[in-house]
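Data block below; observations after.
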Amino acid sequence: MAETVVFIIFAAVALVGAVSIIMAKNTVYSAMGLLATMFSIAVLYVVLDAHFVAAVQVIIYAGAVMTLFLFVIMLVGVDKPEAYGAQIPAQRIMTIVVAIGFFAAIALAGQAAWVTGSDAFGTPNLNGTAEAVADEIFGTWVVVFLSTVMLLTIAALGTIALAYFQDVPAEEVAE
Amino acid sequence: MTVTITWFLLLAAALFSIGVAGVLIRRNALVMFMSIELMLNSINLTFVAVSKELGLIEGQVAALFVMVVAAAEVTIGLAIIVAVFRTRSSADVDRLAEMKG
């Protein structure tokens with residue numbers, strides 16, 4: 001029963017946050033909506049017994065990624081109104097139709113493909129502690145883990161390259 | 001009334017659809033980027049829910065790897081947005097039309 005109440009509350013918060021990302025005029029409010037959604041998803045991970053993933057979700061997404069987003073919003077400027085003029089006619093209505101159709105397609109496909117049919121949710125012996133996850137990552141998936149190390153190094157190098165090596169002066173590119 | 005995996009999967013599908021709508025409807029590069037992050041998060045929720053349902057820890061490992069890829073993607077993407085903004089003073093994707101044929 002407690003699970004149900006927690007799920008309903010935080011699913012509602014996640015959905016409201018997600019809608020506010022795409023509806024808010026101010027980019028900062030979009031970032032706040034994303035923050036609410038990420039926190040709610042972290043709580044849902046706890047409901048799903050994925051405690052380590054929940055902790056990582058809060059630290060990386062709600063901490064690092066959101067800080068980076070807010071920092072870039074601060075750099076790019078928060079008070080620039082978005083130009084809605086140059087859109088395709090009826091883009092909003094078409095987008096809503098596409099999104100609802102996409103949701104219906106996922107739901108139908110999932111209903112067709114999900115055939116395990118176990119009525120008891122989850123197995124009691126699964127517990128996503130740091131130890132259990134680390135056993136798996138550093139055992140079976142150690143090569144994948146090492147390639148993510150390379151990926152992060154390359155991402156850091158790419159960011160440095162983007163920040164420092166801009167050989168085109170701004171005056172030549174600007175319209 | 002107990003929570004089943006269907007609820008989690010439907011929530012993840014709804015979040016993914018909202019993310020798709022965000023990429024289609026908004027022209028601000030930052031908001032489009034946030035919508036992409038939302039889609040990645042919904043996929044992670046799917047991974048963890050199925051991991052719980054099947055009793056396999058691999059779903060949570062996959063969610064962690066998706067988070068690493070998303071972190072790398074955020075770094076590069078925001079660097080590109082800042083670099084574009086420095087030369088053009090705009091984060092509007094419709095203004096980046098130089099390669100239009």
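Which is within 7 Å of chain A (Cβ to nearest Cβ), on the phi < 0 side of the Ramachandran plot and not charged (D, E, K, R), of B:Val50, B:Val23, B:Val68, B:Val84?
Testing whether each residue is within 7 Å of chain A (Cβ to nearest Cβ), on the phi < 0 side of the Ramachandran plot and not charged (D, E, K, R) leaves just B:Val68.
From the residues in segment A:101-121 that are at the interface with another protein chain (Cβ under 7 Å from one of its Cβ atoms) and under 23 Å from B:Ala21 (Cα atoms), which one is modelled with the lowest pLDDT?
The qualifying residue modelled with the lowest pLDDT is A:Gly110.
Being within 12 Å of the chain's Cα centre (by Cα) and closer than 27 Å to B:Leu56 by Cβ is true for just one of A:Val58, A:Val46, A:Val53. Which residue is that?
Result: A:Val58 is the single residue among A:Val58, A:Val46, A:Val53 that is within 12 Å of the chain's Cα centre (by Cα) and closer than 27 Å to B:Leu56 by Cβ.
Can you tell me which of B:Phe47, B:Phe33 is under 18 Å from A:Leu35 (Cβ atoms) and of a type in the set (Phe, Trp, Tyr)?
Step by step, each of B:Phe47, B:Phe33 is checked, and only B:Phe33 is under 18 Å from A:Leu35 (Cβ atoms) and of a type in the set (Phe, Trp, Tyr).
Quick check on my filter: what residues within segment A:1-56 are touching a residue at least 24 places away in the same chain (Cβ under 8 Å) and touching a Lys or Arg at 6+ places or on another chain (Cβ under 8 Å)?
Once the filter is applied, which keeps residues that are touching a residue at least 24 places away in the same chain (Cβ under 8 Å) and touching a Lys or Arg at 6+ places or on another chain (Cβ under 8 Å), segment A:1-56 yields A:Leu48, A:Asp49, A:Ala50.
I'd like to verify a number: residues in segment B:26-47 that are more than 7 Å from every other protein chain (Cβ to nearest Cβ) and either out of contact with any helix residue (DSSP H, G or I) (no Cβ under 6 Å at 6 or more places or on another chain) or hydroxyl-bearing (Ser, Thr, Tyr) (or both), how many?
4
The values are calculated or read from the model by the stated rules, or taken from the named source; none is laboratory data. Values in this document were obtained by computation on a predicted structure and should not be read as measured data. Neighbour counts run over all protein chains shown; Cβ positions are idealised from the backbone, glycine included.
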